[in-house]
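The structure appears below as structure tokens.
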Amino acid sequence: MVAHVDMSASGAAPQTGERQGTGGVHVERVSRTFPSRTGEIHALDGVTLRAAPGEIVTVVGPSGCGKTTLLELICGLQAPDAGTVVSAPAALMPQRDLLLPWLSAIDNAALALRARGMGRDDARATAAPWLERFGLGEFERARPAELSGGMRQRVSFLRSLLAGKPVLALDEPFAALDAITRAEMQGWLAQVLTSEPRTVVLVTHDVEEAVVLGDRVVVMSARPGRVVCEVPVALARPRRRTDADVVALRERVLEALGMPA
Amino acid sequence: MSRSTLRTALGLSRGVSWPGALVLILALLGVWELYVDLGGADPLILPAPHAVAQSLFEDRGLLWSNFLVTAEEVVLGILVAAVAALALASAMHFFITVRRASWPVLIASQTIPIPMLAPVLVLWLGFGILPKLVVIALVSFFSIVVTTLAGFAAVDPDLIKLMRTFDMPRRRVFWSVELPSALPGVFTGTKIAVIVAVIGAVFAEQAGANSGLGYLFEQSIPQLLTARAYAAVVVLSLFAIALFALLTLAERLTVPWAYQPIGDPSR
């Protein structure tokens with residue numbers, strides 16, 4: 001139905017030499033330092049992260065461990081000081097929804113399609129069935145201010161999904177939501193990614209979220225960000241936060257973060 | 001639109017106490033009236049409010065025809081200023097060299113006394129509407145440039161990054177994201193500009209004109225028709241208030257998002 005959204009079509013998108021259309025993400029011993037007034041901020045130090053095509057990797061770590069920098073490297077918004085980043089084209093989904101307040105829900109969702117030069121009517125026709133699927137069918141014409149936080153986050157996710165990139169880089173997508181909405185949205189995202197598989201790198205500071213959503217949890221240290229350990233999550237879906245296995249893995253990740261329960 | 005929504009839209013229902021404002025205005029007029037009536041000032045220098053009110057009524061035809069001339073100059077002048085300011089602010093936003101080069105000239109342009117500039121413009125452009133438009137646009141345009149630039153600068157850098165990951169071309173980012181974000185700034189600057197535009201119109205007409213409220217003012221003083229000169233100023237003030245309110249209304253209708261809290265508190 002939506003041919004330009006699936007992975008094969010976006011493989012034809014223009015790519016630079018180091019960004020290959022394998023659908024995966026390879027971040028190899030990457031370091032990144034920023035100048036600051038008080039000296040230098042060492043954001044990332046020798047970080048290696050791989051995501052196989054279709055894999056969901058969640059990255060968890062304390063504030064300031066360079067998670068956002070990592071995502072911007074994957075999206076090609078920054079270049080590493082050392083190491084290599086090889087990734088299929090990636091679309092970002094920010095923590096704040098960053099919807100354009102003057103556009104309706106459908107036009108916001110269709111923004112990435114319009115960015116590639118698709119006409120307005122075609123873009124709307126492409127986005128409409130998705131809004132329906134995301135439970136936003138009645139809100140097509142609503143402005144962001146008329147939507148709840150969870151709805152806005154769904155529109156924002158759809159906008160990034162419709163960018164048609166094989167990789168999605170999600171930057172604490174639910175951190176700004178209240179606890180109940182956040183739990184709902186995590187279940188919703190897990191469901192969407194089952195039917196609409198993408199290579200996902202999701203950074204979060206919510207350990208539970210990392211375990212519930214990820215195929216693999218990468219634990220990072222505080223600044224300078226280093227990978228402390230990787231915890232595979234070989235659990236069936238759908239997962240519930242109260243499942244004994246989820247709780248046990250959560251304990252393990254917390255321990256790796258240096259916060260024994 | 002009901003009366004109360006109109007008042008809300010004009011921004012007059014909140015922050016303005018109408019009975020209070022009326023009492024204050026009447027009290028000030030009363031003091032002024034008593035001061036002149038009791039011989040505190042020569043009515044040829046400072047006319048009493050009743051004389052000004054009388055002139056507003058008796059000279060209404062004269063005031064109205066001259067008002068139309070000035071109103072046209074001011075509205076067109078502000079339009080020219082808004083378009084020019086938006087164009088310059090866009091160029092300054094896009095090109096840092098334009099921005100750096102423009103600031104000193106921009107600021108210097110605002111320090112030129114209009115009475116010095118206006119005769120030169122009349123010499124070059126004649127007695128028609130053109131020199132008035134130039135003066136009004138010149139005095140109006142600075143505030144619009146400043147607030148529009150602030151609007152461009154306030155665009156969330158994360159939003160621009162997001163558009164880049166969508167491969168949105170730079171030009172499209174400008175038209176679809178940055179320009180709409182800057183529109184509330186254009187309105188703010190234009191509202192500030194209304195006040196100086198009216199003053200600019202008076203100076204421009206004094207330098208050479210055969211109609212307009214500034215011309216009427218200039219003609220009335222030597223004829224010792226001081227009350228008429230004051231009546232012209234009252235009309236100018238009311239016009240500025242009306243323009244300001246109209247712009248506020250247009251702003252609410254054009255950029256409603258700039259007034260709404262973006263979403264609910266739980267976001």
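Every number here is computed from the coordinates shown, using simple stated rules; none is lab data. Fair warning: this is a prediction, and the values are worked out from it, not measured in the lab. Please note: Cβ atoms are built from the backbone with ideal geometry, for glycine as well, and neighbour counts cover all protein chains shown.
The table for this structure:
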{"item": "Residue that is nearest to the other protein chains (Cβ to nearest Cβ) [pool: residues in region A:103-117 that are under 10 Å from A:ALA142 (Cα atoms) and hydrophobic (A, V, I, L, M, F, W, C)]", "result": "A:LEU103"}
{"item": "Qualifying residue in region A:204-225 (condition: part of a strand (DSSP E or B) and either more than 21 Å from A:LYS67 (Cα to Cα) or within 12 Å of the chain's Cα centre (by Cα) (or both))", "result": "yes"}
{"item": "Residue match in region A:187-199 (condition: within 13 Å of chain B (Cβ to nearest Cβ), surrounded by 20 or more Cβ atoms within 10 Å (Cβ to Cβ) and in a helix (DSSP H, G or I))", "result": "no"}
{"item": "Cβ pairs under 6 Å, 6+ apart, first in region B:27-49 and within 19 Å of B:GLN223 (Cβ to Cβ), second in a loop (DSSP other than H, G, I, E, B)", "result": "B:LEU44/B:LEU224"}
{"item": "Extreme residue, surrounded by the most Cβ atoms within 10 Å (Cβ to Cβ), among residues of region A:157-172 that are assigned to a helix (DSSP H, G or I) and more than 9 Å from every other protein chain (Cβ to nearest Cβ)", "result": "A:LEU158"}
{"item": "Residue within region B:220-228 that is assigned to a helix (DSSP H, G or I) and without any contact (Cβ under 8 Å) to a residue 40 or more places away in the chain present", "result": "yes"}
{"item": "Residues that are among the hydroxyl-bearing types (Ser, Thr, Tyr) and crowded, with 22+ Cβ neighbours inside 10 Å, drawn from region A:84-107", "result": "A:SER87"}
{"item": "Of residues in region B:154-174 being more than 9 Å from chain A (Cβ to nearest Cβ) and closer than 14 Å to A:GLU72 by Cβ, the one surrounded by the fewest Cβ atoms within 10 Å (Cβ to Cβ)", "result": "B:PRO157"}
{"item": "Sole exception among (1) surrounded by fewer than 17 Cβ atoms within 10 Å (Cβ to Cβ); (2) within 30 Å of A:TRP102 (Cα to Cα); (3) touching a Leu at 6+ places or on another chain (Cβ under 7 Å) for B:ALA250, by number", "result": "(3)"}
{"item": "Residue pairs meeting the criteria (Cβ under 6 Å; at least 6 apart or on separate chains; first surrounded by 24 or more Cβ atoms within 10 Å (Cβ to Cβ), in region A:55-71; second of a type in the set (A, V, I, L, M) and not in a strand (DSSP E or B))", "result": "A:THR58/A:ALA210; A:THR58/A:LEU213; A:VAL60/A:VAL207; A:VAL60/A:ALA210; A:CYS65/A:ALA222"}
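Residue-wise test of (1) over 24 Å from the mean Cα position of the chain (by Cα); (2) within 11 Å of chain A (Cβ to nearest Cβ); (3) in a helix (DSSP H, G or I).
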| site | (1), (2), (3) |
| --- | --- |
| B:PRO115 | no, no, yes |
| B:VAL135 | no, no, yes |
| B:VAL139 | no, no, yes |
| B:PHE142 | no, no, yes |
| B:PHE152 | no, no, yes |
| B:VAL177 | yes, yes, yes |
| B:SER181 | no, yes, yes |
